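Below: the structure, in structure tokens.
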Amino acid sequence: MALLAASILAARPLTGDASVNRLLDTMSFLLVLAGGGVRSWAMGYHVWRRVHGPGSQRSLVTAGPYALVRNPLYLGTLLISAGVALMSGNLVIIVTYLVVFWLGYYAIIMWEERKLDTQFGADYRDYFDSVPRLVPGLRRWGRREGTFSLPTMMRCMEPAKTAAFLLALALMAWLKTHR
């Protein structure tokens, strides 16, 4: 939240060329839309949010965006962060986003991978060996498990979060032209 506030306060055109700045601003909006879309799609597969009661068991979700990357939520977050950082027009903010993302999420991803390996064993290791961590490849995972649930996605408020980031970008774009 502090980095978003700093991004808004620091919002400046990145270059002196208005057409380049418009292109960068458009790219910023597209990155946030793409990231929000990936996050929304991934949250719709979060069956663990729907599993309750005794005997409920988590399963390894490998369908939807999880057939393309093992960490679609983090990919979506990376895209959103890139869009906000780019819109700031501030190289210090852009570098800070990259450092914060890689340092923070790398540790989380490593911890989650160990946990999933322990929980799902050989099934997870096969999935791990076949599906890239964060950047989609050309292959898709063949054995798909999991179904998309619109109500689950909506309960997680991902579309509303994306709209909030788009509003922040609109504010930043406005500030860039009114300073």
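Every number here is computed from the coordinates shown, using simple stated rules; none is lab data. Every value quoted in this text rests on a predicted model; they were computed, and no experiment measured them. Neighbour counts are summed over all protein chains in view; Cβ atoms, including those assigned to glycine, are modelled from backbone coordinates with ideal geometry.
Treating only the Cβ of Lys, Arg, Asp and Glu as charged (+1, +1, -1, -1), what charge dipole size does the chain show about its Cα centre? Round to the nearest 20 debye. Kindly include the intermediate steps, with their values, before the conclusion.
Values: 19 positive and 10 negative charges, 48 e Å.
Charge dipole of the chain: 220 debye, to the nearest 20.
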Q) Taking neighbour Cβ counts within 10 Å as the exposure measure, how do S19, S81, S59 sort from fewest upward? A) S19, S59, S81
Q: Report, in order of residue number, the helices in the chain meeting two criteria: a C-alpha extent of 30 Å or more along the helix axis, and a mean Kyte-Doolittle hydropathy of at least 0.0; treat each whole DSSP H run as one helix.
A: 18-43, 91-130
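State the percent of C-alpha pairs, over all pairs in the chain, separated by a distance greater than 26 angstrom. Kindly include the intermediate steps, with their values, before the conclusion.
Details: 6061 of 15931 pairs.
Of all Cα-Cα distances in the chain, 38 percent exceed 26 Å.
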Q. Can you give the relative contact order of the chain as a percent, counting alpha carbon pairs under 8 Å and 6+ residues apart?
A. 39 percent
Q.
Which of the three applies to segment 128-179, rounded, prolate or oblate, going by the alpha-carbon gyration tensor with a ≥ b ≥ c and a/c under 1.5 meaning rounded?
A. oblate
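Rounded to the nearest 500, what is the 222 nm mean residue ellipticity of the chain from helices alone, with -39500 (n - 2.57) per DSSP H run of 4+ residues and division by all residues? Display every interim value, and only then the final one.
Numbers: 6 runs with 118 residues, N = 179.
Estimated from H runs of four or more residues: -22500 deg cm²/dmol.
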Q: For a footprinting-style exposure proxy, rank S40, S130, S28 by other Cβ within 10 Å, fewest first.
A: S130, S40, S28
Q. In a Debye calculation with equal point scatterers on the alpha-carbon sites of segment 88-154 and no solvent, what is log10 I(q)/I(0) at q = 0.11, 0.20, 0.21, 0.22 Å⁻¹?
A. -0.45, -1.01, -1.03, -1.05
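In which sequence would Y124, Y74 go, from the one with the fewest C-beta neighbours within 10 Å to the one with the most? All intermediate terms of the calculation are to be shown ahead of the outcome.
Values: Y124 18, Y74 22.
Ordered from fewest to most neighbouring Cβ atoms within 10 Å, Y124, Y74 come out as Y124, Y74.
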Q: Mind listing the long-range amide H neighbours of N90? Cut-off is under 5 Å, sequence gap 5 or more, other chains count too, H placed in the peptide plane at 1.01 Å from N.
A: R12
